[in-house]
Amino acid sequence: MKLLIKITGAVLLLAVALLALGIALSWAPDRPVDALKARWAPQPSQFLTVEGMQVHLRDEGPRGDPLPIVLLHGTSASLHTWDGWVAALKGQRRVIRIDLPGFGLTGPAPDGDYTLPRYSRFMVALLDALYLQRVVLAGNSFGGSVAWKTAVDHADRVAALVLVDAAGYPYQSTSVPIGFRLARIPGLAPVMANVLPRRMIEASVRNVYGDPSRITPGLIERYYELTLREGNRAALRARFEQSRGGEFAAEIPRVAAPTLILWGGQDRLIPPSQGERFAADIRGSRLVTFADLGHVPHEEDPARTVAAVQRFLAGLPAGAGAGAGADVSASAPEPASQPASALASPAAPARVPADARTASPAPETR
C-alpha cells in the first residue's frame, strides 16, 4: 500500500513538473505595441486616430482612384493577410487595409464594445477620417460580416462588396481552430492571458488552410506576435462573449450593393454551404468557389483569388463611384500623414446581373 502511495505521489509530482515546464516554455505575456511596430509596421504603415484608437493602416495605389478598395481581415488576423491582393491591385487601384479594433497593432477598443453594430459605426468613422465617401468593401470571415453589416447600415458609403468566406449566419463548423475554442472558455482566461504556445498558433493556422504545406514559419510568427499585442487576447475573449454569431442574419437580404462572394471549398470553419446561402439572399450576387482552398483563400492563393476580384471590379458600372476624384481638401483638412481622396455625392448602386459569368481556370466553380 505504501509503495502504491509513493508511486502515485511520484506520478503526480511528475505531472505537476511537466505542467510547470510547459507553462514556462509557453509563457508569453502581452507586449506593448511599440515593441512590435518596428517589425510589423514598416512603411507604408501609418497610424490614424479614429474614435480614440491609433488605427494601423496601409494606404497604397493611385490617389486619383474614383473607387478605393478597403480590405478587412478576419478574427485574430491583421492587414498583412492581404499582402498578395494588394501587390496585384495597387498598380491600378487605391487599396486601403486596416487592423480592425481588437486585432493587429490597432489593439483593443477603448469602450470594450465588440458587437457587429459597433464595428459598422467604426467603419463609417474610419471612412470619414480618410475623407472617403464611397468605397468597395471587402472582408474575410469576421471582416466579411463587418463589411456586409456596414453595407446594410450605411448603403450610401458602400458601392460594392466582396465577401470572402464571410461570417453572417449561424453555422456548424466541422473543425474550429484550437485558439478560438480556448478563448471561449472563461475559466481559462487567467492562464491564456499569459500563455501562448506557438504550436497552438500553428495548429490554428493549419486548420484554416486547405493545403497546410503552403504555411511558412514566417506566417506562424506573424500570427503569434500580433496575438501578443497588449489587449488583443482580452479583446478576443470579449468579442466571443458579446456575440454568439448569426444574430443579424435576417438583415443580409437587405444588401443592395453589387456583391462578389468567394469561398474556399475546403473551409472547415464556415462551410461552403454558407456561401450558397449568401448568394441566395443577396440578389444578383456572384459566387465563386475555389475547391482546393480553405477558410482564408485570399491568403492561401492570392493570385487566383484576386483574379476573380479584378474581373468583378472591371464589370462594375462606371457610375459606381460617381463624383469621385473631386478634391475634398478644399472643404476639409487632410488627416495627419494621409493624402485625402474624395468621392462626391454617390450614385445608387447598380445590380450585377444574376446570370453574369466569366471564364476562369479550374478548380473554381460558380
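Annotations for the structure displayed:
- Residue count for segment 61-95 satisfying the condition of being of a type in the set (D, E) and under 16 Å from S45 (Cα atoms): 1.
- Members of segment 252-268 that are open to solvent by 30 Å² or more (accessible area, probe 1.4 Å) and more than 24 Å from R118 (Cα to Cα): Q266, R268
- The sole residue among R222, R283, R304 that is modelled with pLDDT of 95 or more, more than 20 Å from F103 (Cα to Cα) and crowded, with 18+ Cβ neighbours inside 10 Å is R304.
- Under the condition of being open to solvent by less than 60 Å² (accessible area, probe 1.4 Å) and either at pLDDT 60 or above or within 23 Å of G218 (Cα to Cα) (or both), the residues counted in segment 1-21 number 0.
- Top-ranked residue of segment 35-61 - restricted to ones that are of a type in the set (G, A, S) and under 20 Å from the mean Cα position of the chain (by Cα), ranked as surrounded by the most Cβ atoms within 10 Å (Cβ to Cβ): A41
- Counted residues, segment 154-196 - those being closer than 18 Å to F278 by Cβ, assigned to a loop (DSSP other than H, G, I, E, B) and at pLDDT 95 or above: 5
- Within segment 97-109, tally of residues that are open to solvent by 10 Å² or more (accessible area, probe 1.4 Å) and among the small types (G, A, S): 1
- Filter result for G112 (free of Cβ contacts under 8 Å to residues at least 60 places away in the same chain and either among the aliphatic types (A, V, I, L, M) or open to solvent by 10 Å² or more (accessible area, probe 1.4 Å) (or both)): no
- Any chance S243 is surrounded by fewer than 24 Cβ atoms within 10 Å (Cβ to Cβ) and within 20 Å of L100 (Cβ to Cβ): yes
- Residue match in segment 86-95 (condition: closer than 23 Å to G168 by Cβ, buried (at least 18 other Cβ atoms within 10 Å of the Cβ) and hydrophobic (A, V, I, L, M, F, W, C)): no
- Single unsatisfied condition, A249 versus (1) within 19 Å of the chain's Cα centre (by Cα); (2) open to solvent by less than 10 Å² (accessible area, probe 1.4 Å); (3) at pLDDT 95 or above: (2)
- R118 vs. criteria open to solvent by less than 20 Å² (accessible area, probe 1.4 Å), among the charged types (D, E, K, R) and under 25 Å from G245 (Cβ atoms): no
- Figure legend. Inter-residue proximity from segment 34-58: first residues at positive phi, second residues modelled with pLDDT of 95 or more, beta-carbon distance below 6 Å, spacing 6+ or different chains. Indicated pairs: E51/A125; G52/P110.
The values are calculated or read from the model by the stated rules, or taken from the named source; none is laboratory data. Note that the coordinates shown come from a computational prediction; the quantities given were computed from them, not determined experimentally. Every residue, glycine among them, receives a Cβ derived from its backbone with ideal geometry; neighbour counts consider all protein chains shown. Please note that ligands, DNA and RNA were not included when accessible areas were found on the heavy atoms of the full protein model with its side chains. Shrake-Rupley method; radii C 1.70, N 1.55, O 1.52, S 1.80 Å.
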